[in-house]
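FYI, it's all coordinate maths here, none of it is from the lab. Owing to the predicted nature of the structure, the values given are computational and were not obtained by experimental measurement.
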Amino acid sequence: MAAPRQQINFNVNYKYKIWSLNISSQYIEKLYTYIVSSSTQLITKTLNYNVLNARLSARPFKSLELFVAGNNLLDEKYEIKLRLSNAGIYFNTGLMLRL
């Protein structure tokens, strides 16, 4: 359960002066998620999905990094655990301060 037949990860990083861009993708093929029992048989649910994420950051000072990130940009619908679906497209922003 919860083990895909195939998983492919792809990650690209690009830096230019204070800017940094990261794009990542994860493709999952035939993830066996759960078994549903009907009156006479057991049914295994499998699914395929591709998750695309991106993160843009700027480091104006050595100790400060500002970023914005987008996750699940393809708005893939998947359920790894029974009745626990993913969050859909979501964005976050933040800063990291190194002391």
Along the range 50-55, Karplus-curve 3J(HN,Hα) (6.51, -1.76, 1.60; θ = phi - 60°) to the nearest Hz, with x for Gly and Pro, reads 10, 10, 10, 10, 9, 9
Per-residue ³J(HN,Hα) for the range 5-20, Karplus 6.51 cos²θ - 1.76 cosθ + 1.60, θ = phi - 60°, Hz, x for Gly and Pro: 5, 8, 9, 10, 10, 9, 9, 10, 10, 9, 10, 9, 6, 8, 9, 9
